[in-house]
Amino acid sequence: MYDLVVVGAGPYGLSIASHAAAAGIGVRVLGRPMASWRDHMPEGMFLKSEPWSSNLSDPSGEYTLAAYCASRGLRAEHGDPLPIGVFTEYGLWFGRSAVPPVEEETVVSVRPRTEGFLVETGAGEAILTRTVALAVGLMPFAHRPEPLRALPRELVTHSSHHRDLSRFRGRDVTVIGAGQAALETAALLAECGAHPRVVARAGGVAWNTPPQPLERSALRSLVDPHCGLGTGWPSWVWSETPWVVRRLPGALRTRIVDRALGPAGAWWLRDRVESRIPVLLGQRLRAAAPGGGGVRLSLETAEGAATTLVTDHVVAATGFVPDIGRLGLLDPYVRNSLRLAGTGRAPEVDGRFESSVPGLFFAGLLTAPSFGPSMRFVYGARFTAERLVRGVRRRLGGRRGAPVPGSRRSAG
């Protein structure tokens, strides 16, 4: 029996595994390394966060994005957008260097047993483990507005469905949303020869400002502090003190996660969108149906003015909503018995990321309603890995399995 199985090999899963191995925990890591970044983001995208706030976490702090870039003669500087491809390769390098060997297996079932859990893979392997950490990333929680859900994928997709946007060359594409995913997807569509437009219910497009210099006066730093999620005291609280957020009432945490760090485009994207791509603002999507050789969208303003729009394809860049009910690999009894956080559908976790089911831990987006907005970003990986591994050690007590043969340990 293993001590811990980590399900998922993105930034959170790899960071947890690195800390677990260094702590002497017998751990197995299952999943496709950096799958979301490798398979679900179009070529040409850039990292929105600053390089210094985009590190995966190992106990020694040795395997940083800056270290990876320096070893390959690449730039990773504050205020200089980094291509997604570089970040993806960094994550793969981290996985090879600081983590026990990752097994590229799909987990199809996690079920409780008298002692621990039974984890089953698509290849038919059954793994007994005392604890499980579900770091499944964003993909199970891709959100499409209700009017679009019944339409086939030939007509409607989510922004995370696309690695290559060149298939839309010459076609009319409507992108729903007003955040970074919507705006950057529209820009990339235009740049590969498509004819995109953006439709958003918001009354305007919010644009982030260029980042402040890291070196500033003491007064300026006090008034507008730097943090992992940008600048300003609210962002500082969300990014630097997730444990404070967790102590707030559940309903308030839900409101914070829903409203903080809302949709906005990166400063470096603005020139690629404004005056180049039509943006229809203040338009609520009321209905959608096949028609005109594509999709017929019924839109309505806040004042009730109706508009019909026909487009070849719709891309819903409408984000991700944490909902434990959509995590099909988890035993239905467990899903239905989990205590929920706030007023949403995410599991409540304690200060060490353990759910109300003993030995079952969560990481990433599903923990945002417990710990706040930083859990939606790579920046939350260190806080999560350190706390979660302490929780696993506490749950294991004196029981420890043997380390996995061939596992690597990070220094420190």
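Table for the structure above
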quantity: Residue-normalised accessible area of the range 148-200, expressed per residue, 1.4 Å probe, Å²; calculated: 36
quantity: Shape call, the chain: gyration tensor on alpha carbons, a/c limit 1.5; calculated: prolate
quantity: In the range 233-342, the GluC sites (Glu not before Pro) that fall in loop regions by DSSP, at most 12 other Cβ within 10 Å; calculated: Glu303
quantity: Residues of the range 1-125: accessible area per residue with a 1.4 Å probe, Å²; calculated: 36
quantity: Whether the range 202-333 is rounded, prolate or oblate, judged on the alpha carbon gyration tensor where a/c under 1.5 counts as rounded; calculated: oblate
quantity: Top positive-direction residue, dipole computed over the chain with Cβ charges, set Tyr379, Leu299, Trp243; calculated: Trp243
quantity: With every protein chain in place, the chain: carbon and sulfur % of accessible area (1.4 Å); calculated: 52
quantity: FRET efficiency estimate (nearest 0.05) - Cβ-Cβ, Ala202 to Ala289, R0 41 angstrom; calculated: 0.95
quantity: Förster-model FRET efficiency, 25 Å R0, Ala66 and Ser217, C-beta, rounded to 0.05; calculated: 0.50
quantity: Calculated [θ] (222 nm, deg cm²/dmol) that DSSP helices of n ≥ 4 give over the chain, each run adding -39,500 (n - 2.57); calculated: -7500 deg cm²/dmol
quantity: Nearest 10 degrees, 0 to 90: helix 381-396 Cα axis against the chain principal axis; calculated: 40
quantity: Rounded accessible area of Thr64 (nearest 10 Å², 1.4 Å probe); calculated: 40
quantity: Modelled FRET efficiency - R0 22 Å, Leu128 with Ser337, Cβ distances, 0.05 increments; calculated: 0.55
quantity: C-alpha long axis of helix 250-259 to longest principal axis of the chain, angle in °; calculated: 50
quantity: Assigned charges on the beta-carbon of Lys, Arg, Asp, Glu; the range 129-256 dipole about Cα centre (debye); calculated: 440
quantity: GNM top mover of Val310, Val99, Val29 - the chain, alpha-carbon springs below 10 Å; calculated: Val310
quantity: With DNA, RNA and ligands ignored, accessible area of Trp267 (1.4 Å probe; Å², nearest 10); calculated: 90
quantity: Gaussian network model of the chain, Cα within-10 Å springs - most flexible of Pro51, Pro347, Pro211; calculated: Pro211
quantity: Mean accessible surface per residue for the range 218-342, computed with a 1.4 Å probe while every protein chain stays in place, in Å²; calculated: 53
quantity: Estimated distance in nm for a label pair at Ser109 and Arg167, the labels positioned 7 Å out from Cα along Cα-to-Cβ; calculated: 3.2
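The values are calculated or read from the model by the stated rules, or taken from the named source; none is laboratory data. For clarity, every value in this text was computed on a predicted model and none was experimentally measured. A quick note on method: Cβ atoms are made from the backbone with ideal geometry, for glycine too, and the neighbour counts reach across all protein chains shown. Heavy atoms of the whole protein, side chains included, go into the accessibility calculation; ligands, DNA and RNA do not. Shrake-Rupley method; radii C 1.70, N 1.55, O 1.52, S 1.80 Å.
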